[in-house]
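Everything below concerns the one structure shown next.
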Amino acid sequence: MKALKIILVLAIIAALGGYYVYNKPVSGLEDTKPAFTMSSDELFTAFETDETAANKKFLGKVIEVSGTVQSVNHEQDGNTSVTLQTAGGMFGVICRLDSLNSSPQGITNGQKVSMKGECSGMLMDVVLVRCINIKK
């Protein structure tokens, strides 16, 4: 009976710990130093040339990318993404804004911006998530 009580207490502690970790807020990237700083053309070209090597180099890393805004899209889930132009023209670098720490206000098509985000790879466009707009 005593062993059952100990197991029950440990299970409750584990459940509370799991609940805390699951609901812990994610820190923003404001104070995170980027692993790489480059233009949207350079990043897209790296993935277009050799996606496997680019994944090894950039995937999961914080990247500061600068370029010209091609479009600002408000997605169905309430988040916003900013697409930066590349030389190829058809595809670009999609920066999905961090809904907690960044606002698309003041970002317009044709504007030059710098964004910082975590690289999640390439679909047709290169995608950065948890992005923030860096005001210089």
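The values are calculated or read from the model by the stated rules, or taken from the named source; none is laboratory data. Model, not experiment: these values are computed from the prediction. Every residue, glycine among them, receives a Cβ derived from its backbone with ideal geometry; neighbour counts consider all protein chains shown. Quick note on the areas: whole protein, heavy atoms, side chains included, nothing else; ligands and nucleic acids left out. Shrake-Rupley method; radii C 1.70, N 1.55, O 1.52, S 1.80 Å.
Does Thr68 qualify as being touching an Asp or Glu at 6+ places or on another chain (Cβ under 6 Å) and among the polar types (S, T, N, Q)? Break it down into steps so the answer makes sense when it comes.
On the way: touching an Asp or Glu at 6+ places or on another chain (Cβ under 6 Å): no; among the polar types (S, T, N, Q): yes.
For Thr68, the condition - touching an Asp or Glu at 6+ places or on another chain (Cβ under 6 Å) and among the polar types (S, T, N, Q) - is not met.
Somewhere in the stretch 127-135, is a residue open to solvent by 50 Å² or more (accessible area, probe 1.4 Å), of a type outside the set (A, V, I, L, M) and within 14 Å of the chain's Cα centre (by Cα)?
Kept after step one, since they are open to solvent by 50 Å² or more (accessible area, probe 1.4 Å), are these residues of the stretch 127-135: 130, 135.
From the residues that got through so far, the ones that are of a type outside the set (A, V, I, L, M) too are 130, 135.
This time we only want the ones that are within 14 Å of the chain's Cα centre (by Cα), so: 130.
Within the stretch 127-135 (the criterion being open to solvent by 50 Å² or more (accessible area, probe 1.4 Å), of a type outside the set (A, V, I, L, M) and within 14 Å of the chain's Cα centre (by Cα)), the answer is yes, since at least one residue qualifies.
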Open item on the list: Given (1) in contact with a Leu (Cβ under 9 Å, 6 or more places away or on another chain); (2) of a type in the set (A, V, I, L, M, F, W, C); (3) modelled with pLDDT of 90 or more, identify the lone condition not met by Leu59.
Closed with: (1)
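Checking the condition among the small types (Gly, Ala, Ser) and in a loop (DSSP other than H, G, I, E, B), which residue from Gly106, Gly117 passes?
Values: Gly117 fails: in a loop (DSSP other than H, G, I, E, B).
Of the residues listed, the single one that is among the small types (Gly, Ala, Ser) and in a loop (DSSP other than H, G, I, E, B) is Gly106.
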Open item on the list: Any residue in the stretch 40-60 that is under 15 Å from Gly89 (Cα atoms) sitting within a Cβ distance under 7 Å of a residue that is modelled with pLDDT under 95 and open to solvent by 90 Å² or more (accessible area, probe 1.4 Å)? List the pairs, counting only those 6 or more apart or interchain.
Closed with: Asp41/Ala87
- [ ] Return the pairs, sorted by first residue and then second, in which the second residue is open to solvent by 50 Å² or more (accessible area, probe 1.4 Å) and not in a strand (DSSP E or B), the first residue lies in the stretch 110-124 and is without any contact (Cβ under 8 Å) to a residue 60 or more places away in the chain, the beta carbons are less than 8 Å apart, and the residues are 6+ apart or on different chains.
- [x] Ser114/Lys136; Met124/Phe91
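Report yes if some residue within the stretch 28-45 is modelled with pLDDT under 90 and among the small types (Gly, Ala, Ser); otherwise report no.
Taking the stretch 28-45 and keeping what is modelled with pLDDT under 90, we get 28-32.
Among the residues that remain, those that are also among the small types (Gly, Ala, Ser) are: 28.
Yes, some residue in the stretch 28-45 is modelled with pLDDT under 90 and among the small types (Gly, Ala, Ser).
Could you pull out every one of the helices (runs of 4 or more DSSP H) wholly within the stretch 1-94 that has 1 or more residues that are of a type outside the set (A, V, I, L, M, F, W, C) and buried (at least 19 other Cβ atoms within 10 Å of the Cβ)? I'd like the intermediate steps shown before the answer.
Numbers: elements: 2-23, 40-49, 51-58.
Hits in the stretch 1-94: 40-49.
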